Amino acid sequence: MSEKPVVAILMGSKSDLPILRGAFQIFDQFGIPFTARVMSAHRTPEVACNFAANAESEGIKVIICAAGMAAHLGGVVAAHTTLPVIGIPVASEPFNALDSLLATVQMPPGIPVAAVTAGKAGGKNAALYAISILATGNAELGVKLKAFRADQTAKVQQADAELQQELEG
């Protein structure tokens, strides 16, 4: 993207990429510039800590962290920045995201990490949550988010109307 990113999407492993593609699509749809990086709380801790510590000065407003298993990426990042951090629990063997969910939501007092849905919906929800944070200081973005929600409502109502027609026919 040519604009300076305002959202950073961090993944503990490139294998997390399919979950984050939904976030990329949402940010593209809303015109939000973002950056995506692979970094690990355990295998590249210095990289993760330095990125988090410098994110605000680089213009980042929200950080999304996707990680599985121990899922410490969100917590490590949150410990090194005061920016909002959103964690996406990624499913992995043998606990199918329960371990990463618990690691994401069990942060100690004073180091918050917001948690969204595990799996592919998590990427989309993390992006929408980041947009809602950004919209608190951007009225135009708030209007786009409200229109997105209204469109979702209309699609569900249309699906219900179609179902009712099928049932009557």
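The values are calculated or read from the model by the stated rules, or taken from the named source; none is laboratory data. Bear in mind that the values here come from a model prediction, so they are computed numbers and not experimental data. With ideal geometry, Cβ positions are generated from the backbone for all residues, glycine too; neighbour counts draw on all protein chains shown.
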Scanning region 97-118 residue by residue, those exposed (fewer than 14 other Cβ atoms within 10 Å of the Cβ) and at positive phi turn out to be G110
Taking region 54-101 as the search range and keeping residues that are among the hydroxyl-bearing types (S, T, Y) and at pLDDT 95 or above, which one is nearest to V6 (Cα to Cα)?
-> S57
Taking region 24-39 as the search range and keeping residues that are in contact (Cβ under 8 Å) with a residue 40 or more places away in the chain and surrounded by 22 or more Cβ atoms within 10 Å (Cβ to Cβ), which one is farthest from A139 (Cα to Cα)?
-> F27
Qualifying residues in region 1-23 (those that are within 20 Å of N138 (Cα to Cα) and in contact (Cβ under 8 Å) with a residue 40 or more places away in the chain) - the one surrounded by the fewest Cβ atoms within 10 Å (Cβ to Cβ) = K4
Close pairs (9 angstrom Cβ cut-off, 6 or more residues apart or separate chains): acidic (D, E) in region 40-65, surrounded by fewer than 13 Cβ atoms within 10 Å (Cβ to Cβ) and modelled with pLDDT of 95 or more anywhere = E56/T82; E58/K4
Out of all the residues in region 66-77, which are surrounded by fewer than 24 Cβ atoms within 10 Å (Cβ to Cβ) and small (G, A, S)?
-> A70, G75
Of the residues that sit in region 104-136 and are among the hydroxyl-bearing types (S, T, Y) and not in a loop (DSSP other than H, G, I, E, B), which one is nearest to the chain's Cα centre (by Cα)?
-> Y129
